[in-house]
Amino acid sequence: MIAAGGMRSEAAEIGGVGLQTVRDWVVAFNADGPDGLIDGKGEAAEIGGVGLQTVRDWVVAFNADGPDGLIDGKAPGARPRLNADQREVLRALVEQGPTPAAHGVVRWRLCDLTQILCEDHGV
């Protein structure tokens, strides 16, 4: 049986070990189960330096998609505030530049563009 944190300290000595490698190790050690190198997810979590729920999430991802399930995906992020048409209007405004008589400025500031989008498009 590996002492808690043993693999993590080995990884630190090697240096440059990414999170993907730690995930692979934790899932591999967890797969060995009670008769293998470690005693369950709790010890796998200690070895990987992560929480028990994280190990559970990794195992579920591995079981669903195999090794590809452990690769970081792109986070969805916040939805865009502007739709495609509004972005096109903004792009045209910036490329055209302000008309001093109509817009009251000689160059665009963020607050000017924001005000125009708010007044004309309700954004």
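Do any residues in region 89-100 that are touching a residue at least 12 places away in the same chain (Cβ under 8 Å) have Cβ atoms under 9 Å from those of residues that are among the small types (Gly, Ala, Ser), where the two are at least six apart or on different chains, and which pairs are they?
Cβ pairs passing all conditions: Pro98/Gly104.
Being modelled with pLDDT under 75 and out of contact with any Phe, Trp or Tyr (no Cβ under 9 Å at 6 or more places or on another chain) narrows it down to one of Ala12, Ala44, Ala61, Ala84, so name that one. Walk me through how you get there before you give the answer.
Values: Ala44 fails: out of contact with any Phe, Trp or Tyr (no Cβ under 9 Å at 6 or more places or on another chain); Ala61 fails: modelled with pLDDT under 75; Ala84 fails: modelled with pLDDT under 75.
Exactly one of Ala12, Ala44, Ala61, Ala84 is modelled with pLDDT under 75 and out of contact with any Phe, Trp or Tyr (no Cβ under 9 Å at 6 or more places or on another chain), namely Ala12.
For region 93-114, how many residues meet the condition of being under 32 Å from the mean Cα position of the chain (by Cα) and not basic (Lys, Arg)?
Filtering region 93-114 down to residues under 32 Å from the mean Cα position of the chain (by Cα) leaves 94, 109-111, 113-114.
Cutting the leftovers down to not basic (Lys, Arg) gives us 94, 110-111, 113-114.
So the answer is 5.
Return a yes/no flag: does region 57-75 have any residue that is over 30 Å from Asp24 (Cβ atoms), out of contact with any Leu (no Cβ under 8 Å at 6 or more places or on another chain) and either exposed (fewer than 11 other Cβ atoms within 10 Å of the Cβ) or not acidic (Asp, Glu) (or both). Outline the logic, then answer.
The first filter runs over region 57-75 and keeps only residues over 30 Å from Asp24 (Cβ atoms), leaving none.
Within region 57-75, none of the residues are over 30 Å from Asp24 (Cβ atoms), out of contact with any Leu (no Cβ under 8 Å at 6 or more places or on another chain) and either exposed (fewer than 11 other Cβ atoms within 10 Å of the Cβ) or not acidic (Asp, Glu) (or both).
Could you check region 102-111 and list, in sequence order, the residues that are closer than 24 Å to Ala84 by Cα and either modelled with pLDDT under 90 or of a type in the set (Phe, Trp, Tyr) (or both)?
Within region 102-111, His103, Trp108 qualify.
Any chance you could count how many residues in region 102-115 are part of a helix (DSSP H, G or I) and among the small types (Gly, Ala, Ser)? Please lay out each step first, then the result.
Step one: filter region 102-115 for residues part of a helix (DSSP H, G or I), giving 102-103, 110-115.
Subset that is among the small types (Gly, Ala, Ser): 102.
The qualifying residues number 1.
Please determine whether any residue of region 81-101 is touching a Pro at 6+ places or on another chain (Cβ under 6 Å), outside any helix (DSSP H, G or I) and either surrounded by 10 or more Cβ atoms within 10 Å (Cβ to Cβ) or small (Gly, Ala, Ser) (or both). Full working, then the answer.
Step one: list which residues in region 81-101 are touching a Pro at 6+ places or on another chain (Cβ under 6 Å), which gives none.
Checking region 81-101: not a single residue is touching a Pro at 6+ places or on another chain (Cβ under 6 Å), outside any helix (DSSP H, G or I) and either surrounded by 10 or more Cβ atoms within 10 Å (Cβ to Cβ) or small (Gly, Ala, Ser) (or both).
The values are calculated or read from the model by the stated rules, or taken from the named source; none is laboratory data. A quick note: this is a predicted structure, and the numbers were derived from the prediction, not measured. Cβ coordinates were reconstructed from backbone atoms using ideal geometry, including for glycine residues, and neighbour counts include every protein chain displayed.
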